[in-house]
Structures are given as structure tokens and as C-alpha cells.
Amino acid sequence: MKTNLWDILSVLVITCTLVVLMVVLIIFVNPRSSINPFPPPTSVPTIDIPTPTPTLVRLPPTWTPTPSPIPTQRPTSTPMPVATQLIINP
């Protein structure tokens, strides 16, 4: 069987596709790799500064809302939906 130009080109395209897929996979797994043309910016190191005031270990006892002494209104009934007529004027 004779090797055609289209056979060689198709093998070349398949090889290039596999290479591109491998590069994309490497960049996806490790964005800081050397083959990445747009690496993420270097992160700023976090500095732990002691706070000037101590933080609360637990919430104070009055953090929840208290009941109101004024009673609320009774719930009202919701009216039932009714069918509306659709009138189309030509």
C-alpha cells in the first residue's frame, strides 16, 4: 500500500493534537509550570500581626433577639385565585 500525502498529514495533525492536549493538561494541573505563557501572579505572603484587643471566645448571652412585648397582628387569609379572561382585539 502506498503512503499518501494525506496519510502523513493526518498523522501529523493527530500528533500535534496529542501534544497540545498534553500541554493543556500540564498547565491545568500545575498553573505555575514553566511552559505556561501566562502564569498566575505571585501571591503576597500573609503577615500575622497580633491584635490589640483580645477576641471573644464565645458570644455574649444576649446575642439572640428578645421577644417583643407588643403582640403582632393575626395572620389574614389569602384570597383564592380566580380565572381572568383574555380578550384579544384584532
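What to note about this one:
- Condition met for residue 31 (at pLDDT 85 or above and either surrounded by 10 or more Cβ atoms within 10 Å (Cβ to Cβ) or in contact with a Gly (Cβ under 8 Å, 6 or more places away or on another chain) (or both)): yes
- Residues within the range 1-17 that are surrounded by fewer than 10 Cβ atoms within 10 Å (Cβ to Cβ) and either under 27 Å from the mean Cα position of the chain (by Cα) or not β-branched (Val, Ile, Thr) (or both), tallied: 5
- Condition met for residue 38 (aromatic (Phe, Trp, Tyr) and exposed (fewer than 10 other Cβ atoms within 10 Å of the Cβ)): yes
- Taken together, the residues in the range 17-49 that are free of Cβ contacts under 8 Å to residues at least 12 places away in the same chain, among the β-branched types (Val, Ile, Thr) and not in a loop (DSSP other than H, G, I, E, B) amount to 7.
The values are calculated or read from the model by the stated rules, or taken from the named source; none is laboratory data. The shown structure was predicted, so the numbers you read here are calculated from the model rather than taken from an experiment. When we count neighbours, we look across all protein chains shown, and the Cβ atoms used for this are built from the backbone with ideal geometry, even at glycine.
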